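The structure appears below as structure tokens.
The values are calculated or read from the model by the stated rules, or taken from the named source; none is laboratory data. All values derive from a computational prediction rather than experimental measurement. Every residue, glycine as well, gets a Cβ built from its backbone with ideal geometry; the counts of neighbours run over all protein chains shown.
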Ligand SMILES: [Zn+2]
């Protein structure tokens with residue numbers, strides 16, 4: 001089954017992401033900083049407002065946009 005591309009960008013509080021409370025939108029695996037493939041260091045402000053994550057279970061890539 002083809003992944004829903006609309007799920008490739010999710011929003012979550014940064015604090016939740018840092019404490020592994022954010023779920024992969026495809027299979028619900030909890031993800032956090034260990035699974036970041038790239039941070040958006042090129043865009044202010046600091047710290048980064050989003051991160052690209054690869055789910056360790058299904059290997060799907062998605063972007064976590066920090067809402068706070
Ligand atoms: Zn997943």
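Within the stretch 4-27, how many residues turn out to be surrounded by 14 or more Cβ atoms within 10 Å (Cβ to Cβ) and either part of a strand (DSSP E or B) or within 12 Å of the ligand (Cβ to nearest atom) (or both)?
Looking only at that region, the number is 8.
How many residues are in contact with a helix residue (DSSP H, G or I) (Cβ under 9 Å, 6 or more places away or on another chain) and more than 13 Å from residue 12 (Cα to Cα) when one looks only at the stretch 49-63? Write out each step before concluding.
To start, the set of residues in the stretch 49-63 that are in contact with a helix residue (DSSP H, G or I) (Cβ under 9 Å, 6 or more places away or on another chain) comprises 49, 51, 53-56, 60, 62.
Okay, now just the ones that are also more than 13 Å from residue 12 (Cα to Cα), so 54-56, 60.
Total meeting the criteria: 4.
If the Cβ limit is 6 Å and pairs must be 6+ apart or interchain, which residue in the stretch 43-68 that is within 16 Å of the ligand (Cβ to nearest atom) pairs with which residue that is at pLDDT below 90 and not in a loop (DSSP other than H, G, I, E, B)?
Once the first residue is within 16 Å of the ligand (Cβ to nearest atom) and sits in the stretch 43-68, its partners that are at pLDDT below 90 and not in a loop (DSSP other than H, G, I, E, B) give 51/39; 52/38; 63/50.
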